[in-house]
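Encoded as structure tokens, the structure appears first; notes follow it.
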Amino acid sequence: MNLLKKLPPIFNSKLSGFSWKDVTFTSIPVVILIIAVSWVTLHLLSPAPPNKIVILGGPKGSSFDVNAHRYADIIESHGVKVQVLETEGSEENLDLLQNKKSKADVGFVQNSSSHGENTTNLVSLGTVWVQPLLVFYRGEDLNFITQLKGKRVAIGPDDSATNDFVDEILRENGMGAKDITPLLLEPEDSIKALINKKVDAIFLTGELVSVERVHQIMDVPGIKIMSFEQAEGYTREFKFLSELDIPEGAFNLGKNIPHKNIKLIGTSVELIAKNSLHPALSDLVVAASKEVSGKPNMFRDKKEFPKLAEHTVPISEEAQRYYASGSPFLYKKLPFWLASLLDRILIVILPLALVLVPASKIIGPIYKWRIRSRIYKWYGALMKIEHELDGRLNKESLSIIIDQINEIQSKVNKLVLPLAYANELYALREHVEYVKSRCSEK
């Protein structure tokens, strides 16, 4: 039969395996430390991703606007709400992204728009397509910008990226407002003016008009599209430009529009984001760009875009990581909210491991110290009494000492210690008896 079963309940409690009270008090500082590390890691190193993102598009129906809504459909399929804001295009998008009070997160920006701007708080998530500069005109064949001298030309609305781009092109050709009659018309107004023969030529970009509208313009009798015979020269002079080609009959095979191969120049369009954009949302946006911009069309090959190309705005580190290795495993296999939660938990594990390893080595010594401190404090009292016994004592002083030793003995007998420290408890009791016997000898 188990010996402990024969012992009184009180004695059994004194021989408990360990002290829950001491374990609790010893663990409290470690628990507080773990909570503090977890909180700091979650809120400072890996805050929860917002459940909403604001994308800046462009004028309604433009390539910017159409693509923004395509991105929105893909991102929302992952459980994140998307708000697409209609804007005037690149210039306004860039201004909103630079404004810290703006709720905008990411937007399409024509590369030439960011030239010379302060973009320290912005990052690029990649180039998503090349947007051609289209010059529609009436009259004799037009192959050089200098041929526009003396003509009425719609150069895009004031403060638009298209207008800024055209100004640069004109300056590079040694031209200015004095050489043409510039008209600051909105896209639709300029198209109507060209159709009604009120202007001789118009500049357009996909930032402001849709591909469908371009097809409609090409179907109007007498309207042609300019071929930039100096396209290669432009791309060497302007690093943000690319050379594009429209094959003969690309717009309409039956009518053979255009009737010859056309050379164009185009500027890259980038996904620009605030550098505060959460990494998880950055991944969703880049994934959407791969799905939308990776498809071929007249001006790009399959999977040619998106791509990382350093321009004015620095490339996001998160985007570089995504382009190199793709979306993290969790985001590929799980719903966005669950993957985000698990991702943040995993991020906490490493800092916690760094805390728990040394903390686990400290808990044991602290626990032992707490237990033994209950024993050692009585040894201090016993040593004091022994020191007094070595001196000369009268009956009154001896009586006081005997009372003290009896009180110590009573309290020692009531001590509750874990079973592992039973030998130290019994040693203390023997030492109390020894000091008590010295009192009797006096």
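The values are calculated or read from the model by the stated rules, or taken from the named source; none is laboratory data. Note that this is a predicted model, so its numbers are computed, not measured. Neighbour counts are summed over all protein chains in view; Cβ atoms, including those assigned to glycine, are modelled from backbone coordinates with ideal geometry. Each accessible area value is taken on the protein alone, full model and side chains, heavy atoms only, with ligands, DNA and RNA left out. Shrake-Rupley method; radii C 1.70, N 1.55, O 1.52, S 1.80 Å.
Can you classify region 254-317 as rounded, prolate or oblate using the Cα gyration tensor, where a ≥ b ≥ c are the square roots of its eigenvalues, rounded means a/c under 1.5, and otherwise it's prolate if a/b beats b/c and oblate if not? Here region 254-317 falls in the prolate category. When the solvent-accessible area of region 90-239 is split by element, carbon and sulfur atoms take up 46 percent of it, the probe being 1.4 Å.
Estimated at 0.36 nm per residue, the fully extended path between Lys414 and Lys361 surpasses their Cα-Cα distance by 16.0 nm.
A Cβ-based charge dipole, computed about the Cα centre of region 159-273 with Lys and Arg at +1 and Asp and Glu at -1, lands at about 460 debye.
The charge dipole of region 375-435, taken about the Cα centre with unit charges on the Cβ atoms of Lys, Arg (+1) and Asp, Glu (-1), comes to about 160 debye, rounded to the nearest 20.
Give the shape of region 46-159 as rounded, prolate or oblate, defined through the alpha-carbon gyration tensor: a ≥ b ≥ c are the square roots of its eigenvalues, a/c under 1.5 means rounded, and otherwise the shape is prolate if a/b is larger than b/c and oblate if not. Prolate. Return the lysines within reach of Lys149: Cα separation strictly under 25 angstrom, same-chain partners fewer than 8 residues apart disregarded; answer none if there are no such residues. Correct list for Lys149: Lys178, Lys192, Lys197, Lys198, Lys224, Lys260, Lys263.
Amide H contacts for Thr181 (H built 1.01 Å from N in the peptide plane; partners 5 or more residues away or on another chain; cut-off under 5 Å): Gly150, Lys151, Arg152, Val153. Remark: region 253-263, residue by residue, has Karplus-estimated 3J(HN,Hα) of 5, x, 8, 6, 10, x, 7, 8, 5, 10, 9 Hz, where x stands for each Gly or Pro and the curve is 6.51 cos²θ - 1.76 cosθ + 1.60 at θ = phi - 60°. Counting pairs of alpha carbon atoms under 8 Å apart in space and at least six apart in sequence, what relative contact order in percent does region 150-295 give? Taking the mean separation of contacting Cα pairs over the length of region 150-295, I get 17 percent. Between Leu354 and Asn394, full extension at 0.36 nm per residue minus the direct alpha carbon distance yields a gain of 8.2 nm.
Charges were assigned to the Cβ only: +1 to each Lys and Arg, -1 to each Asp and Glu. The resulting dipole of region 256-304 about its Cα centre is roughly 240 debye.
Once the Cα-Cα distance is subtracted from the 0.36 nm per residue extended length, the Glu424 to Ser77 segment shows a gain of 118.2 nm.
Legend: calculated FRET efficiency, Asp141 to Glu304, from the Cβ-Cβ distance at R0 = 35 Å, rounded to 0.05, equals 0.70. The distance linking region 148-180 with region 252-275 is 20 Å (Cα centroid to Cα centroid, whole angstrom). Once the C-beta distance of Leu253 and Lys101 is scaled by a Förster radius of 56 Å, the resulting FRET efficiency is 0.65 to the nearest 0.05.
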